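The values are calculated or read from the model by the stated rules, or taken from the named source; none is laboratory data. Remember, it's a predicted structure, so these values are computed and weren't measured experimentally. Note: ideal-geometry Cβ built from the backbone for every residue, glycine included; neighbour counts use all protein chains shown.
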Amino acid sequence: MDEVITAADATSSSSSPSSPAALFPPNLPLLSAFLAFAIAQFLKVFTTWYTEKKWDSKRMIGSGGMPSSHSATVTALAVAIGLQEGTGGPTFAIAIVLACVVMYDASGVRLHAGRQAELLNQIVCEFPPEHPLSNSRPLRDSLGHTPLQVLAGAMLGCLVAYLMKNSN
């Protein structure tokens, strides 16, 4: 006798995922981007120690510094997309344009905004105590990145994406 499988039987047996990976399929570009960001932020503690000879765990959550976590993130995303889907599609084009904008902003606009904040902080420190702005909170001056920091972040992003792709 022939066995008949109904649509309800077919969906009930295939819709019960046995692992979290079935619920959230691995997304190489997303995982590469997050991992590159985390590694870059973690490395900032050590590069700060190397250059300033002090441990500063706040560097793990701050912006600026070596390497650029922004550059690492967007480069890992773009490279992982290129490795997974090829470089001819619109997704890769979007990722490359995004990476270029972020890296330009990090080494251009944000770097100069940080330098301006540094100068403004210096000016405010020279105000007499009775000046209304003399007690104002200093502006954050560690906003942007030097071109070397951006390049280091981009190289880290490429490495992370490549290693993530080859570990699968």
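Which residue, of 47, 6, is farther than 30 Å from residue 102 by Cα and modelled with pLDDT of 55 or more?
Details: 47 fails: farther than 30 Å from residue 102 by Cα.
Matching residue, one of 47, 6: 6.
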Subject >> Total residues in the range 57-75, condition at pLDDT 90 or above and basic (Lys, Arg) >> reply: 0
Subject >> Where a residue in the range 82-107 is modelled with pLDDT under 95 and its partner, wherever it lies, is among the small types (Gly, Ala, Ser) and not in a helix (DSSP H, G or I), with Cβ under 6 Å and at least six apart >> reply: 106/68; 106/144
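Just to be sure before I move on: is residue 139 under 26 Å from residue 43 (Cβ atoms), in contact with a helix residue (DSSP H, G or I) (Cβ under 7 Å, 6 or more places away or on another chain) and modelled with pLDDT under 80 in the structure I sent?
Working: under 26 Å from residue 43 (Cβ atoms): yes; in contact with a helix residue (DSSP H, G or I) (Cβ under 7 Å, 6 or more places away or on another chain): yes; modelled with pLDDT under 80: yes.
It is true that residue 139 is under 26 Å from residue 43 (Cβ atoms), in contact with a helix residue (DSSP H, G or I) (Cβ under 7 Å, 6 or more places away or on another chain) and modelled with pLDDT under 80.
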Original post:
With respect to the numbered conditions (1) among the small types (Gly, Ala, Ser); (2) at pLDDT 90 or above; (3) outside any helix (DSSP H, G or I), which one is the sole condition not fulfilled by residue 18?
Top reply: (2)
**OP:** Could you list all residues from the range 25-45 that are outside any helix (DSSP H, G or I) and either surrounded by 18 or more Cβ atoms within 10 Å (Cβ to Cβ) or touching a residue at least 12 places away in the same chain (Cβ under 8 Å) (or both)?
**Re:** 26
